[in-house]
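**Q** Below you'll find the structure I mean.
Rule-based calculations on the coordinates, nothing more; no lab input. Small disclaimer: the values here were computed from a predicted structure and weren't measured. Quick reminder, even Gly has a Cβ in these numbers, built from the backbone with ideal geometry, and neighbours come from all protein chains shown.
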Amino acid sequence: DVFGNGKTVERAGAGMFFDLLGTRELVVAGFRMPPFFRRLMISTPAFPDLATALSKSTVQNSVDTLEYDPSQPYTGQFQFSVERQMGSESVIQVGYAGSRGLHLPGQYANINTTRPQYQADGSIFFPANTPAINPAFDQIGMRFMRQDSSYHAFQAALRGRLWRTLRMQAKFAWAKSIDTNSSAIYADFAARMPAVFSSSQNRGPSDFALKYTGALHFSYEIPSPRAGRLRYAAGGWEIHGMLQAQTGYPFSPLVGFDQARLRESSLPSQRPNLAAAPGARIILGNPQRYFDPPAFSLPPAGFYGSLGRNALRGPGLAVLNLAAHKNFRVSERSQLGFRAEMFNLTNHPNFQAPSDLLLFNSTGQRIGTAGRITATTT
């Protein structure tokens, strides 16, 4: 209680929270081992003759395992806020919230690449037609506890009764979430981290990062006549509204095949080069082509692309819902309720991020559907 009058309150807190490596990591590292587990990968087979494609394919000696001496994942969380009473029934609050995560798990699809060559400019080159680092195995997936994350946010809130007939709650957050590995929708053992020998290349906005988030809820009681028969029909009406608005989720276009020669059997998540001139318009906004595919180019064979992780941001979201209701008294013990609800009153379309992120096919030709949005969020 800052001034001793009960109207201004400061709150602060911090803590360390440790996660445990459970049986899941150990079980995966135990049964995904030859000879109990082997992987057969068929690339672009001729349909429908899949039997022939199977007979011509080679079963791989693959391993999915856990690093030998993993560290324990943990996060540090901290927050600070100031709350001030405004008038008799309203409160405004502003604050800061943050967190820092260390030794977080991340899955590399394959660490058994060809031996990389480090160029004079610091780039990494994977030569063609050279043996793997460990020629006894084909693909080695490895889960490392070496990822990190950070989150910082300014938060503000207003709640209470502004007038006798109007109540409201409003919240706003301006945040920045950065990490080297995350997922908005959980996907196990996906090729999430293509930069095997340079994990810093995977540092970028979190998959679930929202820069701005706002929400407003209000309840308004319409003034009614105090006398006369009209008060039975016109009195007691309430209007409720809920507004939500936020920026879109980040994403990155993908090359579409193993151009860097990382020898991944799953769909590679390698990123292209950024070819657009500084200041060029990359986000077009059209659901048929949300971003401009020619703004990205195919990296030279054996090299990573220059585009950062989650470099683009998808469509934002804005929704306004309204409801009106009134209770009619039928008798002393019963009443009849009327309620009308309107969802997305402005009829604003809210699209997901593009689902077609692959820019090139295995021959290096551009894919015509790149940048297309196929679904909405609400």
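**Q** Quick one: length gained pulling residue 366 to residue 9 fully straight, 0.36 nm per residue minus the C-alpha distance?
**A** Length difference between fully extended and current span is 122.7 nm.
**Q** Related question: Just to confirm my numbers, what's the Cα centroid distance between region 260-310 and region 198-224 in Å?
**A** 26
**Q** Given an 8 Å cut-off on Cα distances and at least 6 residues of separation, report the relative contact order of region 56-150 as a percent.
**A** Taking the mean separation of contacting Cα pairs over the length of region 56-150, I get 39 percent.
**Q** For region 135-175, compute Rh as the Kirkwood radius over C-alpha pairs and then the Stokes-Einstein diffusion coefficient at 20 °C and 1.002 mPa s; write the answer in µm²/s, rounded to an integer.
**A** For these conditions, the coefficient is 138 µm²/s.
**Q** Using +1 at the Cβ of each Lys and Arg and -1 at the Cβ of each Asp and Glu in the chain, identify which of 363, 172, 249 lies farthest towards the dipole's positive end.
**A** Value computed over the given set: 172.
**Q** Now for a different question. Mind grabbing the base-10 log of I(q)/I(0) for region 236-347 at q = 0.17 Å⁻¹? Debye formula, identical points on the C-alpha positions, no solvent, two decimal places.
**A** With one equal scatterer per Cα and no solvent, log10 I(q)/I(0) is -0.90.
**Q** For the residue pair residue 325 and residue 288, what label-to-label distance in nm results when each label sits 7 Å from Cα along the Cα-to-beta-carbon direction?
**A** Roughly 4.4 nm, to one decimal.
**Q** Could you give the nm distance between label points at residue 176 and residue 119, where each point is 7 Å from its Cα heading toward the beta carbon?
**A** Here the answer is 3.0 nm between the modelled labels.
**Q** With a cut-off of at most 14 other beta carbons within 10 Å, and DSSP calling the residue loop, which chymotrypsin sites (Phe, Trp or Tyr not before Pro) in region 100-191 qualify? Please list them.
**A** 186, 189
**Q** Along the charge dipole of the chain, Cβ charges K/R +1 and D/E -1, which of 319, 45, 97 sits furthest on the positive end?
**A** Of 319, 45, 97, it is 319.
**Q** How much length is gained if the chain between residue 58 and residue 159 is pulled fully straight, taking 0.36 nm per residue apart and subtracting their Cα-Cα distance, in nm to one decimal? It would help to have the intermediate numbers written out before the result.
**A** Details: separation 101, 0.36 × 101 = 36.36 nm, distance 6.45 nm.
Net length gain for the segment: 29.9 nm.
**Q** Place a label point 7 angstrom from the Cα of residue 169 along the Cα-to-Cβ direction, then list the residues of region 201-234 whose backbone nitrogen is under 20 Å away.
**A** Only 213-221 pass the distance filter.
**Q** Report the normalised scattering of the chain as log10 I(q)/I(0) at q = 0.07 Å⁻¹, calculated by the Debye formula with identical scatterers on the alpha carbons.
**A** Cα-only, vacuum Debye calculation for the chain: -0.49.
**Q** A further question on this structure: Just to confirm a number: summing +1 for Lys and Arg and -1 for Asp and Glu over residues other than residue 295 whose beta-carbon lies under 14 angstrom from that of residue 295, what do you get?
**A** +3
**Q** Still on this model: With +1 assigned to the C-beta of every Lys and Arg and -1 to the C-beta of every Asp and Glu, and no other charges, what is the dipole magnitude of the chain about the Cα centre in debye, to the nearest 20?
**A** For this selection, approximately 1240 debye.
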